[in-house]
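First up is the structure itself, then whatever we jot down about it.
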Amino acid sequence: MAELALEVSHLTKAFRSGWGLHDVSLDLPTGVIAALGGPNGSGKSTLLRCLAGLASFEGTIKVGGRPLTRDPSVREAIGYLPQTVSMPDQATIGDVIDFFADLRAVDRETIPLPQGFVRDDDDRIGILSGGQRHRVALAVALLGAPTLLLLDEPVANLDEAGRETFWRVLRTLRDERGVTAIVSSPSPSELRGVADLALYMDDGRLVLQEDLRGDPDSAPDDPGARSKEMCP
């Protein structure tokens, strides 16, 4: 049996307005990329925030067999990219990366991105485009060689070259380091040839899990249709 990178059991998150997550259970083995799809408001971002330890929840989460706690040794295993990233305009790229490297007590040289993916350290955040800021945020998420990546729409603001580069880096991390990743996307079909598994959420529930590894050309183009057939 493959070693599990992530174990989620009966994960529930309630808001005053209703369920954010309802009884979500999920096991992910080491070294897989999972595409996470679902309509707006289905709970994708809430799930990733809970898995990153940034939101309270009921249920249990284990990362690499260890319960998700505030223990630095557990948190260091997780790299998280939120859907919306905020960085101070007056800071330089180097300031931002150094700050998070110090915060996580890791070497900034561990970022597995090719030279030129992120602009020069001396460039200020305030002069960057949305896509360039997003590249900085991706660099921060990859600091310290995390073994579990939780990426909320990681290529949403990137151009075609940036997307291709990032998918190539992600596949390399999976193949050479055994990294496990959950990648949220409003269009999971863009992960064609990248994802090993498809996860689909609806109304705070995980309604479909599909193994894509048997068909390298398959991708969750319209998982919503299948979810309605499989889940009452």
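Bear in mind these aren't lab numbers, they're just calculated from the coordinates by the rules spelled out. Remember, predicted model here, so these are calculated numbers, not experimental data. Because the Cβ atoms are built from the backbone with ideal geometry, glycine has one as well, and the counts that use them run over all protein chains shown.
Worth pointing out:
- Dipole magnitude of the chain about its Cα centre (Cβ charges: Lys, Arg +1; Asp, Glu -1), debye to nearest 20: 520 debye
- When the Cα gyration tensor is reduced to axis lengths a ≥ b ≥ c, the ratio a/c is 1.5 or higher for segment 166-215, and with a/b above b/c it is classed as prolate.
- Hz values of 3J(HN,Hα) by residue in segment 191-208 - Karplus curve (6.51, -1.76, 1.60), Gly and Pro given as x: 8, 4, x, 10, 7, 9, 10, 10, 10, 9, 10, 8, 6, x, 10, 8, 9, 8
- Phi angles across segment 102-115 convert, under the Karplus curve 6.51 cos²θ - 1.76 cosθ + 1.60 with θ = phi - 60°, into 3J(HN,Hα) values of 5, 4, 9, 6, 10, 7, 5, 6, 7, 5, x, 10, x, 4 Hz, Gly and Pro given as x.
- Most tightly packed first, judged by the mean number of other beta-carbon atoms within 10 Å of their residues, the peptides 145-154, 78-87 read 145-154, 78-87.
- Calculated diffusion of segment 40-154, Stokes-Einstein form, Kirkwood radius summed over Cα pairs, 20 °C and 1.002 mPa s, µm²/s: 143 µm²/s
- Rounded to 5, the percent of DSSP beta bridges in the chain classed as antiparallel: 55 percent
- Across the chain, Cα pairs under 8 Å and at least six residues apart give a relative contact order of 27 percent.
- Whole-Hz Karplus values for segment 31-46 come out as x, 10, 10, 10, 8, 10, x, x, x, 4, x, 7, x, 4, 5, 4 Hz, taken residue by residue from phi with 6.51 cos²θ - 1.76 cosθ + 1.60 and θ = phi - 60°; glycine and proline positions read x.
- Residues whose amide H lies under 5 Å from that of LEU208, counting only those 5 or more places away or on a different chain, are TYR200; hydrogens are built 1.01 Å from N in the peptide plane.
- Segment 1-87 - percent relative contact order, Cα under 8 Å, separation 6 or more: 31 percent
- Taking every Cα-Cα distance in segment 18-92 and sorting them into 5 Å bins starting at zero, the pair-distance distribution P(r) comes out as 3, 11, 22, 24, 19, 11, 5, 3, 1 percent.
- Pairs of C-alpha atoms in segment 76-133 farther apart than 12 Å represent 72 percent of all such pairs.
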